[in-house]
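Asker: Starting off with a structure, shown below.
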Amino acid sequence: MCIRDRCSVSMVIRYNIMYGNKGCCGKFLLLLPAIIAQVFIIYAVFGYFRYFLTTVSKRGFKILLTIVMGFLSKIFELSYLLTIFINPGSIDPEWSNKNLKNVKLKSDSDREEYAQLYPSVDVSAGEGRYDYCFKCHTVKPERAHHCSSCNKCYLKMDHHCPWMGNCIGLYNHKYFLKTLLFGTILGIMMIATWSKDVFKMMIADEGDTTYRRTTLELTIILTSYMLSAVLLLSCLIMLIDQSYLAFHNTTSVEQRVYGTDKNPYDHHDLSLIHISEPTRPY
């Protein structure tokens, strides 16, 4: 599915489906870490553009760097927002209702509870194909998992990311990977091009008109620089971990459940292709 389709009104509909059962306070608390992260990112990028790019003397290099950094910051922000607002993969209620008879019930207590919930449904010995989530009362396709933060089951759920205020699942996983990738590149570019000037600003004496800054300006510059370093390290660490999982066609949840040697979904294939063009499991 292309980005243009994702950015339409359907995004708002998906957001309402995801968070519609939460109150205003619940929605805000869930998104609060993401809002804080956005403020820090904007602050770091503002400091870089305001106190470095505007001081670059070489015109050609300044224009080139402005275009490159502008593109990286915009595509990073777009990927970040798409990860937040795209539904990770809610299970279709109609599909769930059609498969109420095709569930696996692992214990007698589960069978009794299921019989109370659906007295008219005959599940025989409870040896069907799909699992049933007693927390959100949904039939789960293979590789779907329940998120305690969102209180919902999502298709191919990887984890709940507090800095996104959303789960990472089948339909927003590729945008999460793009966020990490472009965040890493953006952080590298900011640190690589800015480090020399930041160091000179810190040691500049009063007579240095080129690198001397006021206390307020130096505080903003150092804070932006440190936030850029945090952005680089956090995105890089997560990118390495998520790339490993993606290339092994597995998720964080499945890695914890099965480990690295017994995971039935680990085929050592280029599963990034499947993430970029997901197919519905039902």
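Readers should treat all values here as calculations from the given coordinates under stated rules, not as data from a laboratory. Quantities reported herein were computed from a predicted structural model and do not represent experimental measurements. As a convention, Cβ positions derive from the backbone with ideal geometry for all residues, glycine included, and neighbour counts pool all protein chains shown.
Asker: Which order do peptides 240-249, 219-228, 197-206 fall in by mean Cβ count within 10 Å, highest first?
Answerer: Numbers: 240-249: 16.2, 219-228: 18.5, 197-206: 13.2.
Per-residue Cβ counts within 10 Å, averaged per peptide and sorted highest first, yield 219-228, 240-249, 197-206.
Asker: Taking segment 120-173 on its own, what percent of its Cα-Cα pair distances exceed 13 Å? Don't skip to the end; give the middle numbers.
Answerer: Numbers: 876 of 1431 pairs.
Percentage above 13 Å: 61.
Asker: May I pose another question? What ³J(HN,Hα) values, in whole Hz, does the Karplus curve 6.51 cos²θ - 1.76 cosθ + 1.60 give for segment 55-63 when θ = phi - 60°, with x put for Gly and Pro?
Answerer: For segment 55-63, the Karplus-derived couplings read 9, 5, 7, 6, 4, x, 5, 5, 5 Hz, x marking Gly and Pro.
Asker: Once both labels are modelled 7 Å past Cα along the beta-carbon direction, what's the Phe49-Ser252 spacing in nm?
Answerer: My value for the distance between the label points is 3.0 nm.
Asker: Roughly speaking, what is the stretch gain from Lys200 to Leu65, that is 0.36 nm per residue apart minus the C-alpha to C-alpha distance, in nm to one decimal? Please list the in-between numbers first.
Answerer: Numbers: separation 135, 0.36 × 135 = 48.60 nm, distance 2.01 nm.
In short, 46.6 nm is gained.
Asker: Using a Förster radius of 35 Å, what is the FRET efficiency between Glu112 and Trp163 based on their Cβ-Cβ separation? Nearest 0.05, please.
Answerer: Details: r = 41 Å, r/R0 = 1.16.
So, using R0 = 35 Å, E works out to roughly 0.30.
Asker: Give the separation of the Cα centroids, segment 130-162 to segment 211-239, in Å.
Answerer: The distance from the Cα centre of segment 130-162 to that of segment 211-239 comes to 37 Å.
Asker: Let me ask you something else. Could you go through segment 231-246 in sequence order and give the Karplus-derived ³J(HN,Hα) for each residue, using 6.51 cos²θ - 1.76 cosθ + 1.60 with θ = phi - 60°, rounded to whole Hz, and x for Gly and Pro?
Answerer: Running phi through 6.51 cos²θ - 1.76 cosθ + 1.60 with θ = phi - 60° gives 4, 4, 5, 5, 5, 5, 4, 5, 5, 5, 5, 5, 5, 4, 5, 5 Hz.
Asker: Oh, and also: For segment 60-110, compute Rh as the Kirkwood radius over C-alpha pairs and then the Stokes-Einstein diffusion coefficient at 25 °C and 0.890 mPa s; write the answer in µm²/s, rounded to an integer. Provide the component values of the computation, followed by the final result.
Answerer: Numbers: Rh = 15.6 Å.
My calculation gives 157 µm²/s for D.
Asker: Can you check what the net charge comes to around Asp158, using other residues whose Cβ is under 12 Å from the Cβ of Asp158 (Lys, Arg +1; Asp, Glu -1)? Could you put the intermediate results ahead of the total?
Answerer: Working: positive: Arg143, Lys156, Lys174, Arg256; negative: Asp241, Glu254.
That sum, taken over residues with Cβ under 12 Å, equals +2.
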